[in-house]
Structures are given as structure tokens and as C-alpha cells.
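Student: Input: one structure, supplied below.
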Amino acid sequence: MLVIMRDHASRPEIDHVVELLQEAGAQAHLSGGEVKTIIGVIGDREVVYALELEGLPGVEEVIRVLKPYKLVGRDFQADDTVVRVGSASVGGGDIAVIAGPCSIESQEQMSVVARAARDAGATMLRGGAYKPRSSPYAFRGLAEEGLKMLRIAGDEVGLPVVTEVIDVRDAEIVAEYADILQVGARNMQNFRMLDDLGSMNKPVLLKRGLSATIEELLSAAEYILKGGNRDVILCERGIRTFETYTRNTLDLAAVAALKQLTHLPVIVDPSHATGRRDLVAPMCRAGLAAGADGLMVEVHPDPERAKCDGPQSLTPEAFEAVMKDIAPMVSLMGTRMGWSA
Ligand code: PEP
Ligand code: MN
């Protein structure tokens, strides 16, 4: 970190900054000349980040050189993290395709969709039991009843299951049924929940917040890794922009950037990113071309009657077509489907 002092900052002002740095256990190295003094700070990331020197008398600017994350970065671990769960794996060239409805509605619905997903070549099954809905009057999910249906459907076809945790109070119960715990876009910065998931022994699928930067997404993942849980999958699901034709704007540059910055697997959710089923197939191809380690696609046996996100959900037939469509892309990228059945 660099502390740039104002022109002609006084000696007591400079000494005061140095004193605070030393008290915190950091080293201060002064440079500059008659007019300008620059203080180079060396110390532990945790110590340096806790310092808030902006606003001190004589301080003009504080430049942070260290990134706010460490464990998720390629500097810390160069090789790709591979997350393994049951018959599926993701990362390091293994591609995950997670398919299923937005919300779990019935055992019949889940069992039909699970069979279709498995038969088409999906590697994992999804479905929401606790739904974060913008309106409190919308369908909010079947809670534990839904978790049971998801588990049964996954077991019927031998696919691991992914479902969302929307509150720390539900984490334990969701973990009883699910193989991967999803943190939704609206909860990406629910730091207490990230802490809790960090101390749990279950992989986490962390979705990018609606207006979160790449650095904020990585910092959120850092919470989970800092707690000891190394199995985190990141998901680009579109961000909010001025565009209204699509539900969100799929930020594929973020996928390519994340692949450079982090060793964690990165997947793309074209369903929530576009909100339109006709755009799901092309964005699946584009996501893989950008280097994604997988896809999450909403599939419903009868999208017109879906309780949630019907317009972006694929029928089982359309999903099968998408799987055929992406197969050449998977091998073109030098990757393979991540199942080992
Ligand atoms: C979902 O995956 O069902 C979901 C609610 O997604 P997001 O958190 O990205 O909106
Ligand atoms: Mn949805």
C-alpha cells in the first residue's frame, strides 16, 4: 500500500501516519523530496486492509496494491480447482451441465425433469426449494418438502443435486438434502452466510450479484475459502445494465477474466442472464467458447405452466437439442463432460 501525503505535509502529520502504521504492526518506508512524501507500507494483508488512513491530516491518497483476496487467486494456487461431487466433477477441463426447473413444484415434475436431464447428458440436477422472489406474493417454494423431492429425483437418476440457501437459518437443513449449496445473486454479499458456508463441508455454487464487480465476486468467494471450504464454483448469471430486451446482460468478458484471476471453476447461467429461452442455446455455446467450466440451464417439463421463470425455461426436448448443440464446442475447447458414471 502507498500513502501519498499532500504537498508540503508537515513533519507531525507524516510522523502521525507512521506511528499509526507501526502501532498496527506494519512497516513504513518514506520516500519523496522537499514537496511530496510517499509512505510505502509493508505488512500483513489483514493488518494493512484494516487501516483506514484516508481522511487523516496531510493524507492525499491511499493506493492499495494488494488485491482484497488471496486464497481464490491464481498467485496462491496456479492449478485449476476441480470440485468433485458424486458422479460429477467441474473444473480443470471437466464441464458441468446443471439442469432443472427454477422451482421444485411436485415429485412428478422433478422425477420427469431428472430423467430428461440425465438422458440428455446433464451432470447435475437443480431445483429451488427456497426461492428468493422480488415480490412476496410470488411462489416462494416448497421448503423442506421440496428438498425431499429434489433428493429423491436426484437419487432416482444418480445425479448430484444443487439447491439454493437463502438464509443462514436454513443452511443446515438444506445441507442435509443437497450435494451443492447455491448462494443466489441476491445473497452474494450476505457475509454471515458466506462465513457459515465456509465452515461447512459442502461445495458452494456462488452466483454473481446483480451489480457486483468481478472483484466483489472474488472477495465473496474468499470468505468461503477463508473459512476452510475450498470447493467453490463461481457463476456468471448476468448483471443489471440499461438493456431491457434481455432480463440481464450476460458478461462473458467476466468469465474470461475470472478464468485468468482465479483457479475456481466458473460456470454460466444463460437462463437468468437472458430471461428468454430462444437465447439460451447460443449463450450456452458462447459461454463455453469464453472458457466456462459449465452451464446451469433451467428446464421444466411444461414451461407454460411453470410457477417460476417459465419464459426462460427449456422443454426437455429443447434441452436435449442444446446438449447436442454444445457437444462439438466441448471438444473444440479441449474439455470433456464432467461425469464419471
Ligand atoms: C436461481 O438460480 O434460481 C436464481 C434465483 O438465480 P439468481 O440468484 O441468479 O437470480
Ligand atoms: Mn429461476
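The values are calculated or read from the model by the stated rules, or taken from the named source; none is laboratory data. Since the structure is predicted, the reported quantities are computational estimates derived from the model, not experimental observations. Cβ: placed from backbone, ideal geometry, glycine included. Neighbour counts: every protein chain shown. Note: areas computed on protein heavy atoms with side chains; ligands, DNA, RNA excluded. Shrake-Rupley method; radii C 1.70, N 1.55, O 1.52, S 1.80 Å.
Student: Leaving out ligands, DNA and RNA, and with a 1.4 Å probe, what % of the accessible surface on the chain is carbon or sulfur? Each step should come with its number before you reach the end.
Tutor: Values: 7770 of 15210 Å².
Result for the chain: 51 percent of the exposed heavy-atom area is carbon or sulfur.
Student: From a point 7 Å beyond the Cα of Ser10 in the direction of its Cβ, which residues of the range 57-95 have a backbone N at a distance under 20 Å?
Tutor: Zone members listed by number: 57-61.
Student: Run the paramagnetic zone check for Ala78: 7 angstrom along Cα to Cβ, then residues of the range 248-264 with backbone nitrogen under 19 Å.
Tutor: Only 259-264 fall inside the zone, counting backbone N under 19 Å.
Student: Continuing with this model, one more query. Starting from the Cα-Cα distance between Phe242 and Leu210, subtract it from 0.36 nm times their residue separation and give me the gain in nm to one decimal.
Tutor: On the way: separation 32, 0.36 × 32 = 11.52 nm, distance 1.26 nm.
Going from the current span to full extension adds 10.3 nm.
Student: Considering only Leu279, Leu250, Leu258, give the residue with the highest GNM mean-square fluctuation for the chain, with springs between Cα atoms whenever their separation is below 10 Å.
Tutor: Checking each option, the largest mean-square fluctuation is seen for Leu279.
Student: Limiting things to C-alpha atoms, what are the Rg and the maximum Cα-Cα separation (Dmax) for the range 2-63, in angstroms?
Tutor: 10.6, 32
Student: First check a/c for the range 83-337, with a ≥ b ≥ c the square roots of the eigenvalues of its C-alpha gyration tensor; if it is under 1.5, answer rounded, and if not, answer prolate when a/b is larger than b/c or oblate otherwise. Could you put the intermediate results ahead of the total?
Tutor: Details: a/c = 1.21, a/b = 1.03, b/c = 1.18.
Because its axes are fairly even, with a/c under 1.5, the range 83-337 counts as rounded.
Student: Still on this structure, please answer the following. Gain in length, Ser331 to Asp44, computed as 0.36 nm per residue apart minus the alpha-carbon separation, to one decimal in nm?
Tutor: 99.0 nm
Student: Now, a different point. All other residues with a Cβ under 10 Å from the Cβ of Arg208 taken together, and with Lys, Arg as +1 and Asp, Glu as -1, what is their net charge? Could the numbers behind the result be given before it?
Tutor: Values: positive: Lys207, Arg237; negative: Glu216, Glu236, Asp251, Asp269.
Residues near Arg208 contribute -2 overall.
Student: In deg cm²/dmol, rounded to 500, what helix-only [θ] at 222 nm does the chain give when every DSSP H run of at least 4 residues adds -39500 (n - 2.57) and the total is split over its residues? Please list the in-between numbers first.
Tutor: Numbers: 11 runs with 118 residues, N = 341.
Dividing the helical sum by the residues of the chain leaves -10500 deg cm²/dmol.
Student: Taking springs between alpha-carbon atoms closer than 10 angstrom, which of Phe76, Phe242, Phe319 fluctuates most in the Gaussian network model of the chain?
Tutor: Among Phe76, Phe242, Phe319, the largest GNM mean-square fluctuation belongs to Phe242.
Student: When ligands, DNA and RNA are left out and all protein chains stay put, how many square angstrom of accessible area per residue does the chain have with a 1.4 Å probe? Walk me through the numbers before you get to the answer.
Tutor: Details: 15210 Å² over 341 residues.
In whole numbers, the chain has 45 Å² accessible per residue.
Student: Tell me, what is the percent relative contact order of the chain, built from C-alpha pairs under 8 Å that lie six or more residues apart?
Tutor: Details: 748 pairs, mean separation 57.6, N = 341.
Result for the chain is 17 percent.
Student: Continuing with this model, one more query. May I ask you to compute the full-extension gain from Glu172 to Asp278, defined as 0.36 nm times their residue separation minus their alpha-carbon distance, rounded to one decimal in nm?
Tutor: Values: separation 106, 0.36 × 106 = 38.16 nm, distance 3.70 nm.
Length gained, Glu172 through Asp278: 34.5 nm.
Student: Could you compute the net charge surrounding Val162? Neighbours are other residues with a C-beta less than 10 Å from the C-beta of Val162; K and R count +1, D and E count -1.
Tutor: On the way: positive: Arg126; negative: Glu164, Asp179.
Counting the neighbours of Val162, the net charge comes to -1.
Student: Here's another thing I want to ask about it. Could you work out the local net charge near Gln22, counting Lys and Arg as +1, Asp and Glu as -1, over the other residues with Cβ closer than 15 Å to its Cβ?
Tutor: Values: positive: none; negative: Asp15, Glu19, Glu23, Asp44.
Residues near Gln22 contribute -4 overall.
Student: OK, next. Of Val17, Val232, Val280, which has the largest mean-square fluctuation in a 10 Å C-alpha GNM of the chain?
Tutor: Sorting by GNM fluctuation, first place goes to Val17.
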